[in-house]
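For reference, the structure discussed in these notes is given below.
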Amino acid sequence: MQASPELSRAGAILRIDLDALCANWQDLRARLAPGARCAAVLKADAYGLGAHQVAPALYESGCRHFFVAHTAEGITLRSLLPDAARIYVLHGPVPGSETDFLAHHLIPVLNSPRQIEGWQTLARHRGQTLPAVLQVDTGMARMGLAPADLAALPELAHCPGVEWLFVMSHLAVAEDPAHPANAEQLERFRHALARFPGVEGCLANSSGIFLGADYHFGMVRPGAALYGVAPQVGQPNPMRPVIQLCSRIIQLRDIAAGTPVGYGQSWCAQRPSRIATITVGYADGYLRSLGNRGQVYYGSQALPVVGKVSMDTLTIDVTDLPPDTLQEGEFLDLACPWQGVDAIADQAGTIGYEVLTSLGRRYTRIYTRSTAPATAGT
Ligand SMILES: *Cc1c(COP(=O)(O)O)cnc(C)c1O
């Protein structure tokens, strides 16, 4: 493992298992109702894991429908995928940028009457029918047509110049199957969809897939579960972990009882202690709320983070390991089989999504891909 110069000088290593990621996509697809397609959400640089590697791997696995949030993300993704891939942009066109969608072969999600009008205007100027996805709001008041907008646009189903590929909406509480909002949103979504005869629905995110076949419609849009995040709270995680993260010990020191550690001197040794300083900090996305709360691993042994998280370093209490176990230059594990992204998120008081999308640029990244299955699909 220490062979290449890049690895031998690496301070911290982020391993991204593309096989596990593709297996997760296939696992989700296998859970779908017959006829439903499985897209993949790659916004925020594939949840921080790298769209350049993730997109081609998913395409090879058979994925043909990709979602991003921003137009610029869509333009980048277009350069990474064959023409057969459909790329949908969740935020739709910023006013005046509609032609970018044609130039880069992107499909907008239209969220407001104004976005619909902009797309229709472009279609009229070009004398073409242009594809789009229509988003309706069913319970988040965030994006998509409000019920009143829908009612005010009775002709929407036959919108001149626009071909609706899907009507979509987004679930607010899908990770909690017992929450009544799920059934309410499903009902509102069915009601909206009924106004568009022959157009397919697209409702479920990762968690929504686990709410059952009623939620699958023509296509689902998982993101987090692809990257290993647990789709249901309080349930065992059926997804394979995708990342591993380890960081190098740059200094070991023995301190006397009563010695404070780190900024603010927020932790003080209660006994003679051995402290390991490792090369990950909040600049790398190790959230500052993990100071005096997080833990790292040496093999299966948990070791507490003591003191505040610095920009570039963490201090770890390794006193409970037998003396001489650790040497400077060795690695401790931050994300590993004993502690996945959801466990780190719990310690930090956040969600796995934020842990992933916070991962910094400074890691030496290693992508592993052993197989290249070529199962075409939709
Ligand atoms: C981010 C996002 C998704 C993916 O959600 P996950 O919970 O990560 O599966 C799907 N749809 C929309 C509209 C999103 O914004």
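FYI, it's all coordinate maths here, none of it is from the lab. All of these numbers come straight from a predicted model, not from anything done at the bench. Ideal geometry is used to build each Cβ from the backbone, glycine not excepted, and the neighbour counts take in all protein chains shown.
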Exercise. Going by how many other Cβ atoms sit within 10 Å of their own, how do C22, C202 line up, fewest first?
Worked result: C22, C202
Seminar exercise, completed: At R0 = 30 Å the Cβ-Cβ FRET efficiency linking Q235 and V94, nearest 0.05, sits at 0.15
Exercise. Which value, in debye to the nearest 20, gives the size of the charge dipole of the range 18-227 about its Cα centre, when Lys and Arg are +1 and Asp and Glu are -1 at the Cβ?
Worked result: 280 debye
Problem set entry | Angle between the chain longest axis and helix 113-126 axis [Cα atoms, degrees, rounded to 10] | 60 degrees
Exercise. Top mean-square fluctuation among L134, L90, L303, Gaussian network model of the chain, C-alpha springs under 10 Å?
Worked result: L303
Exercise. Tell me, what ³J(HN,Hα) does each residue in the range 37-46 have, in order and in whole Hz, if you take phi through Karplus 6.51 cos²θ - 1.76 cosθ + 1.60 with θ = phi - 60° and put x for Gly and Pro?
Worked result: 8, 10, 8, 9, 9, 10, 5, 6, 6, 6
Exercise. How long is the gain from E184 to R142 if the chain were fully straight, where each residue apart is worth 0.36 nm and the alpha carbon distance is subtracted?
Worked result: 13.5 nm
Exercise. When Lys and Arg each count +1 and Asp and Glu each count -1, what net charge do the other residues less than 14 Å away from A55, Cβ to Cβ, add up to?
Worked result: +1
Seminar exercise, completed: From DSSP H assignment alone, runs of 4+ in the chain each adding -39500 (n - 2.57), the sum over residues rounded to the nearest 500 puts [θ] at 222 nm at -7500 deg cm²/dmol
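Regarding the chain, what is the average projected area of its C-alpha convex hull, in nm²?
Its average projected convex-hull area is 21.0 nm².
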Exercise. Please state the relative contact order of the range 243-350 as a whole percent: Cα pairs under 8 Å, 6+ residues apart?
Worked result: 32 percent
Problem set entry | Cα long-axis angle, helix 51-61 against the chain (0 to 90 degrees, to the nearest 10) | 60 degrees
Exercise. Against the longest principal axis of the chain, how steep is helix 180-193, in degrees 0 to 90 to the nearest 10, with axes from Cα atoms?
Worked result: 30 degrees
Seminar exercise, completed: Treating only Lys and Arg (+1) and Asp and Glu (-1) as charged, each at its beta carbon, one finds that the chain has a dipole about its Cα centre, in Debye to the nearest 20, of 360 debye
For this session: Lys and Arg at +1, Asp and Glu at -1: add these up for the other residues within a Cβ distance under 12 Å of V305 and post the number.
Result: +2
Problem set entry | Rel. contact order, % - alpha carbon contacts under 8 angstrom, at least six apart, the chain | 20 percent
Exercise. About its Cα centre, how strong a charge dipole does the range 49-165 have in debye, to the nearest 20, once Lys and Arg get +1 and Asp and Glu get -1 at the Cβ?
Worked result: 80 debye
Seminar exercise, completed: Highest GNM mean-square fluctuation among G50, G340, G264, for the chain with Cα springs under 10 Å, belongs to G264
Problem set entry | Formal net charge of residues neighbouring F210 (Cβ-Cβ distance under 14 Å; K, R +1; D, E -1) | -1
For this session: Any chance you could run the full-extension gain for R365 through R195? It's 0.36 nm times the residue separation minus the Cα-Cα distance, nm to one decimal.
Result: 56.4 nm
For this session: Report, for the chain, the % of DSSP beta bridges that are antiparallel, rounded to 5.
Result: 50 percent
Exercise. Which of the listed residues, V68, T319, P272, is farthest toward the dipole's positive end in the chain, when Lys, Arg count +1 and Asp, Glu count -1 at the beta-carbon?
Worked result: V68
For this session: Return the single residue from A40, A151, A55 with maximal mean-square fluctuation; model: Gaussian network over the chain, springs between Cα atoms under 10 Å.
Result: A151
